[in-house]
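The structure under discussion appears below in the form of structure tokens.
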């Protein structure tokens, strides 16, 4: 049996297939991340991060600003910087940057409105790492996706 045949044997193919499936699993699954909003809120509250920084991105049918470094103090957004441009986010856009607690409120509101699609992936620390919302099935351009990463204490 030559090397090529050994690499393509059934056990090798099963291993490759299993690894590729594992690589495609959504973030949060199997890593101790919370499964629901209440559990995530509780885990986030345990972090006690009223003062923190994180990277935020919003994707929607709206003015794009890319990834933003956000600074939160005493539970309020006090600063934001567009990473790609390395400049402050325009003041009129700052109101569209939620704190992590406000992002939980957005999720709760989407649940209360029975959004057509609501998919949330939580980080092991409890914060929403990805939120996908489509409020109405037959309405164009109402979809919105939020990403949060690199959360750290100030």
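FYI, it's all coordinate maths here, none of it is from the lab. A quick note: this is a predicted structure, and the numbers were derived from the prediction, not measured. We place every Cβ from the backbone using ideal geometry, glycine too, and count neighbours over all the protein chains shown.
Please arrange 145, 53 by counting, for each residue, the other beta carbons lying within 10 Å of its beta carbon, fewest first.
Details: 145 14, 53 19.
If I rank by nearby Cβ atoms, fewest first, I get 145, 53.
How large is Rg over Rh for the range 28-153, taking Rg from the Cα atoms and Rh as the Kirkwood inverse mean of 1/r across Cα pairs?
Working: Rg = 14.4 Å, Rh = 15.0 Å.
Using only Cα positions, Rg/Rh for the range 28-153 is 0.96.
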Q. If we sort 65-76, 123-134 on the protection proxy, mean other Cβ atoms within 10 Å, highest first, what's the order?
A. 123-134, 65-76
Q) Using alpha-carbon positions, what is the distance between the centroids of the range 140-154 and the range 102-126, in Å? A) 11 Å
